[in-house]
């Protein structure tokens, strides 16, 4: 659905954000999400995400919208109720399956950012990285992890160990990067 009353400019660039449908136990995640949402809006970068209205998903959408940014949500029919689809988005794309949800997000986004999340977030990180590696995206799309109190440190160690073991090529390992601040995410997003 499109918000017909919306007169905001449609973004030229989109950041796909992977994040949880829960808020987690670290209350500082909420502040990080608000900061990212504000930065996206101020830099005229559109948000494309899973379309949920709860947890970190709902918070990132709210933060972008509160700062007059543009938000596109993509949600499968079977999750409309469980993830409580956000009702105030600029665009809500309803798709048939999780696969179609991810494919739609991957096609729309120019790069990806993962906030703290769970199994779905991890799946999206790995799948979008693999798509970049296999050149299934229409261009090189980096995956940036926005850290919060060391949330991604063990994950980065795991990737580095797998790379050292010869199962990930060093150039493919570089697709995923860890960042300590929203300003680093925005700066990396703007790189060609």
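Kindly indicate whether residue 156 is free of Cβ contacts under 8 Å to residues at least 24 places away in the same chain, under 19 Å from residue 18 (Cα atoms) and surrounded by 12 or more Cβ atoms within 10 Å (Cβ to Cβ). Yes; evaluated as a whole, the condition is true for this residue. Only one entry of 149, 138 meets the criterion of being within 19 Å of residue 36 (Cα to Cα) and more than 17 Å from the chain's Cα centre (by Cα), and that entry is 149.
Scan the stretch 40-56 for residues that are within 19 Å of residue 186 (Cα to Cα) and in contact with a strand residue (DSSP E or B) (Cβ under 6 Å, 6 or more places away or on another chain) and the total you get is 6. Checked against (1) surrounded by fewer than 15 Cβ atoms within 10 Å (Cβ to Cβ); (2) modelled with pLDDT under 95, residue 66 passes all but condition (2).
The lone criterion from (1) under 12 Å from the mean Cα position of the chain (by Cα); (2) modelled with pLDDT under 95 left unmet by residue 77 is number (1). Output the residue which, of all residues in the stretch 21-39 that are in contact with a strand residue (DSSP E or B) (Cβ under 7 Å, 6 or more places away or on another chain) and closer than 16 Å to residue 145 by Cα, is modelled with the highest pLDDT. Among those that are in contact with a strand residue (DSSP E or B) (Cβ under 7 Å, 6 or more places away or on another chain) and closer than 16 Å to residue 145 by Cα, it is 36. Report yes if residue 114 is at pLDDT 95 or above and under 27 Å from residue 68 (Cα atoms), otherwise no. In short, yes. For the stretch 139-174, the tally of residues that are more than 20 Å from residue 184 (Cα to Cα) and in contact with a helix residue (DSSP H, G or I) (Cβ under 7 Å, 6 or more places away or on another chain) stands at 5.
The values are calculated or read from the model by the stated rules, or taken from the named source; none is laboratory data. Note that the structure is predicted; figures quoted are calculated from it, not measured. Heads up, the Cβs are rebuilt from the backbone with ideal geometry, glycines too, and the neighbour counts pull from every protein chain shown.
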